[in-house]
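Take a look at the structure below.
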Amino acid sequence: MIYQSIVIGAGQAGLSAAYQLQRRDLVSGKDFLVLDANAHPGGAWQHRWDSLTLGAAHHIHPLPDFPFEHQDPTRPASEVVSAYYADFEKQMGLAVRHGAAVRSLSHDGSVFTVELTTGETLDALTIINATGTWTNPFWPVYPGIQNFAGPQVHTATYAAPEQFAGQRVLVVGGGASATQFIVQLRAAGIDTLWSTRRAPDWREVGNDPEWGVAVEREVNERTRAGLPPKSVVGTTGLILSDSMKTGINSGALVSRGQISCLGAQSVRFADGTQEKIDAILWATGFRHAHRHLRGLKLHTKDGGIRVLEDSVSAADVPGLYFVGYGASASTIGATRAGRKAALAAVRRLRTVAATAHSSGPESTDRRETASA
């Protein structure tokens, strides 16, 4: 059987794409399939730290035609969003295979072959890649890091301030998660220091309607050129909210600058000062989870993947689409990109079908789609 499309990833972007495919008369489970490495619905949200409540999380944009309303802001965001995604999968009748991790993707010029970590292979005419970043945390390396004797925790495994009870914690990273961790740890009575590679880029956005458009334009320019997307904070800066202003005024959100080296229980900063620390919280972000795409040789010498003007179509492999990459890494961008990718995939399928029909049955070969 050859699927018309396979969606890899069942987060915001993947589910949005799957819903749009279904709206274009592709039959879920018959014409297209969603593969997700997670054992349960919820995408990356199911792995967020328990102390991150819905009210403290960034705005969660709803999935298409499925309102996200009247939720308890005091509940863990991981619970609420996971249940919301599960309801969406069920009520929309989407064929999502959980626990189906993809090892590799290949293309013979007409058909993609998806190999799962179980060894099973599946064929499809188009692929919508929505694997996000959560499974690929970035751990920086500094001189002396191998000698540090205390616990080191990444955002991906952070659970709650109780992990650091009674310790002095160095929080590393210039993004929003780092500032949220510091505020939360300080509220729990835990002493913190903050390290960033460069001075925090605080911005007062206000109600500027053009701000989001400008950010998206900048990201799209990079991906079209084959450059790797910047980190979120590298594009948006840190939003200077009232709570952040309070943190700055208290001294909690004042960066000590870049790390020079680490000792067994200490950190030396680039300005020469040294501080005793007991633990490190690496809020250093994630990289796109594209290991399974290596065989396609998509990456440019600069480390990015070139996409076309529509911001979702791979420039070098027709029939491959990216959502949750570049400008669509945000929840609102992911929903919009899911629709774009589905429309682009359907157009591609129509072109393939028309070509196969005009060429005659002897040339349809593996390009023919099965309906059973």
task: Taking PHE68 as the residue in question, decide whether it is more than 30 Å from GLY319 (Cβ to Cβ), touching a Phe, Trp or Tyr at 6+ places or on another chain (Cβ under 9 Å) and not assigned by TED's automatic domain parsing to the domain that holds SER241.
output: yes
- line: The correct count of residues that are within 25 Å of THR179 (Cβ to Cβ), surrounded by fewer than 18 Cβ atoms within 10 Å (Cβ to Cβ) and small (Gly, Ala, Ser) in region 58-89 is 0
- line: How many residues of region 330-351 are buried (at least 20 other Cβ atoms within 10 Å of the Cβ) and at pLDDT below 90? The answer is 7
- request: Considering only region 208-238, state which residues are aliphatic (A, V, I, L, M), in a loop (DSSP other than H, G, I, E, B) and at pLDDT below 65.
  value: none
- request: Filter region 40-57 down to residues that are within 18 Å of ILE182 (Cβ to Cβ) and of a type in the set (A, V, I, L, M) and give me whichever is surrounded by the fewest Cβ atoms within 10 Å (Cβ to Cβ).
  value: ALA56
- request: Test each condition in (1) of a type in the set (D, E, K, R); (2) outside the structural domain of ALA264 (by TED's automatic domain parsing); (3) closer than 30 Å to LEU253 by Cα for GLU162 and report the one that comes out false.
  value: (2)
task: Please work out which residue is surrounded by the most Cβ atoms within 10 Å (Cβ to Cβ), limiting yourself to region 136-145 and to residues that are in contact (Cβ under 8 Å) with a residue 24 or more places away in the chain and assigned to a loop (DSSP other than H, G, I, E, B).
output: TYR142
message: Exactly one condition in (1) closer than 19 Å to SER5 by Cβ; (2) exposed (fewer than 15 other Cβ atoms within 10 Å of the Cβ) is false for THR118; which is it?
response: (1)
query: Residues of region 25-39 being surrounded by fewer than 20 Cβ atoms within 10 Å (Cβ to Cβ) and in contact with a His (Cβ under 6 Å, 6 or more places away or on another chain), which ones?
result: ALA39
Filter result for THR369 (over 18 Å from ALA13 (Cβ atoms) and at pLDDT 90 or above): no
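In region 28-67, what residues are in a loop (DSSP other than H, G, I, E, B), within 21 Å of ALA100 (Cα to Cα) and in contact (Cβ under 8 Å) with a residue 60 or more places away in the chain?
Let us first name the residues in region 28-67 that are in a loop (DSSP other than H, G, I, E, B), namely 29-31, 37-42, 48-52, 57-62, 64-65, 67.
With within 21 Å of ALA100 (Cα to Cα) added as a condition, the list becomes 29-31, 37-42, 48.
The answer is GLY29, LYS30, ASP31, ALA37, ASN38, ALA39.
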message: With the requirement that a residue be out of contact with any helix residue (DSSP H, G or I) (no Cβ under 8 Å at 6 or more places or on another chain) and either of a type in the set (Ser, Thr, Tyr) or in contact (Cβ under 8 Å) with a residue 40 or more places away in the chain (or both), what does region 153-162 give you?
response: HIS154, THR157, ALA159, ALA160
- prompt: How about region 146-207: which strands (runs of 3 or more DSSP E) wholly inside it have at least 1 residues that are buried (at least 21 other Cβ atoms within 10 Å of the Cβ)?
  reply: 169-172, 192-195
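The values are calculated or read from the model by the stated rules, or taken from the named source; none is laboratory data. What you are looking at is a predicted structure, and each value in this text was computed from that prediction instead of being measured. As a convention, Cβ positions derive from the backbone with ideal geometry for all residues, glycine included, and neighbour counts pool all protein chains shown.
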